[in-house]
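To start, the structure under review is shown below, and the notes come after it.
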Amino acid sequence: MEYEVVHTDDVPLTDLSEIDEVPSDLQMRAIDDFLPSEHVQLKLWYFEPGEEIEYHAHAEQEELYFALEGEFELTFGRDGETERREVAAGAFWLARPEVGHGHRNVGDEEGIVLAVGAPNVDDPGRDPGEFDGEDE
């Protein structure tokens with residue numbers, strides 16, 4: 001089929017605290033498991049107040065984020081040159097390959113972030129310092 005439609009409630013919520021290989025204790029819906037894409041990964045991340053995705057970088061993958069609900073403090077930039085910024089629902093942010101990024105829910109309510117990553121490759125988060133001195 002050339003198109004697919006899925007509702008959020010039809011995608012199971014995964015509790016990442018039950019997966020040893022994943023450092024985060026967040027909950028997530030892997031939308032890309034139900035809308036199989038050749039080129040992008042699609043995830044919905046759920047953050048309780050204070051929860052975060054720690055500062056990290058990817059070798060190949062560029063990630064676009066959209067805050068659907070909540071208030072977040074972003075950390076982004078190359079290792080040793082990071083900036084922090086607070087955003088609320090409706091904000092987009094982009095993390096290019098090899099550039100560190102992370103975000104934490106600083107609000108009092110649950111936060112939800114849509115993450116779109118491309119290319120669709122297995123590119124686990126790494127210490128941004130590993131990319132010091134490499135070309136962009």
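Tabulated results
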read-out: Dipole axis of the chain (+1 Lys, Arg; -1 Asp, Glu on Cβ), positive-most option in 121, 70, 16; value: 70
read-out: Under 5 Å, built H, 5+ apart or other chain: amide partners of residue 120; value: 40
read-out: ³J(HN,Hα), Karplus 6.51/-1.76/1.60, whole Hz, each residue of the stretch 58-67, x for Gly, Pro; value: 10, 6, 10, 7, 9, 10, 10, 10, 9, 7
read-out: Signed unit charges on C-beta, dipole axis of the chain, positive-most listed residue 36, 90, 47; value: 90
read-out: Computed magnitude of the charge dipole of the stretch 3-57 (debye, nearest 20; Cβ of K, R +1, Cβ of D, E -1); value: 220 debye
read-out: Value of Rg to Rh for the chain (Rh from inverse mean 1/r over Cα pairs, i.e. Kirkwood); value: 0.96
read-out: Within the chain: Cβ-based charge dipole about Cα centre, in debye rounded to nearest 20 (Lys, Arg +1; Asp, Glu -1); value: 380 debye
read-out: Rounded to the nearest 20 debye, dipole of the stretch 76-119 from Cβ charges on Lys, Arg, Asp, Glu; value: 180 debye
read-out: Under Karplus coefficients 6.51, -1.76 and 1.60, residue-wise ³J(HN,Hα) of the stretch 93-101 in Hz, glycine/proline x; value: 8, 10, 10, 7, x, 6, 10, x, 7
read-out: Phi to ³J(HN,Hα) by Karplus 6.51 cos²θ - 1.76 cosθ + 1.60 over the stretch 106-123, Hz, x for Gly, Pro; value: 9, x, 9, 10, 4, x, 10, 10, 8, 10, 10, x, 8, x, 7, 10, 6, 9
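Read-outs: derived from the displayed coordinates by stated rules, not from any lab. For clarity, every value in this text was computed on a predicted model and none was experimentally measured. Quick reminder, even Gly has a Cβ in these numbers, built from the backbone with ideal geometry, and neighbours come from all protein chains shown.
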